[in-house]
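What follows is a single structure, written as structure tokens, with notes after it.
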Amino acid sequence: MKVDFHSHFLPGIDDGAKTPGQSVEILSYLAAHGIETVAATPHFARHGESVASFLERRADAVRRLDDYIEESGVDRRSLPDIVLGAEVHLYEDLTEREGLDKLCYEGTDHILLELPFRKFEGWELEEVYNIMYQFKVKPVMAHINRYVDYYSKSEFSDMFYNGDFTLQLNAEASPSLFKKVMKSGYPFVVGCDIHNPDSAASYGLEKAKKLLDRRGFSVEFERYERSVIGR
């Protein structure tokens, strides 16, 4: 596992890292665990902000981080490469927001979507397909492990095991869910969803790496990573 597809290390843009110093702590932790490329996926939430405004704030956070790295003398080569993206919160009529395709993982047509944390409702699947066809993007369904307690088995299957989406598992997900997703044959990616350097060990990165390697999944997984990131 060399790519982390879900993280909140950009400083001061959401509920993740608050300062550039914390950002570097997170990036250093990921590098120490073999991550070579990390996707910055700050929250794009339902609070009326335009895509253009979000992109400006994200660019400013990147500049703050770059300036800190240069001024503090941190060796940039010791940190993972950064790919920009967003974690887009799904809500009804999200398709009315202009420019959603600009929130895809940099250099790709894949967009990370976060579903509401509540009981499954039929509009969710419909809205995801509307986004796919209107903006010509491919959904990556964020941290699907977090919906096990909200959805019935049939709802979980209807939402995620339909073959049209890429599934994103958090590294902290249970081994049983990892194995089920691997057995399904559907494309999937992994991310820590890391927010706070002080609790980095709790995000499960080391456990996920061992599980993937033990199951002999690293070659296929890394090949898919490269195709999504555009490497």
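A few notes on this one:
- Looking at Glu49, Glu36, just one residue is out of contact with any strand residue (DSSP E or B) (no Cβ under 9 Å at 6 or more places or on another chain) and of a type in the set (D, E, K, R), and that residue is Glu49.
- Some residue of region 18-37 being part of a strand (DSSP E or B) and hydrophobic (A, V, I, L, M, F, W, C): no
- Of the set (1) touching a His at 6+ places or on another chain (Cβ under 9 Å); (2) of a type in the set (S, T, N, Q); (3) loosely packed, with under 15 Cβ neighbours inside 10 Å, all apply to Ser53 but (1).
- Long-range neighbours under 9 Å by Cβ, at least six apart or interchain, first residue among the hydroxyl-bearing types (Ser, Thr, Tyr) within region 106-127, second not in a loop (DSSP other than H, G, I, E, B): Thr108/Val83; Thr108/Lys138; Thr108/Ser227; Thr108/Val228; Thr108/Ile229
- Figure legend. Inter-residue proximity from region 83-97: first residues surrounded by fewer than 18 Cβ atoms within 10 Å (Cβ to Cβ), second residues of a type in the set (S, T, N, Q), beta-carbon distance below 6 Å, spacing 6+ or different chains. Indicated pairs: Thr95/Asn130; Thr95/Gln134.
- Pairing residues of region 174-194 that are part of a strand (DSSP E or B) with residues that are among the hydroxyl-bearing types (Ser, Thr, Tyr) and at pLDDT 90 or above, at Cβ distances under 7 Å and at least 6 apart in sequence or on separate chains, gives Phe188/Thr166; Val189/Thr166; Gly191/Ser7; Ile194/Ser7.
- Where strands (runs of 3 or more DSSP E) fall wholly inside region 78-169, the ranges with 3 or more residues that are hydrophobic (A, V, I, L, M, F, W, C) and within 16 Å of Ala45 (Cβ to Cβ) are 110-114.
The values are calculated or read from the model by the stated rules, or taken from the named source; none is laboratory data. Treat the numbers as computed from the prediction; the structure is a model and nothing was measured. Please note: Cβ atoms are built from the backbone with ideal geometry, for glycine as well, and neighbour counts cover all protein chains shown.
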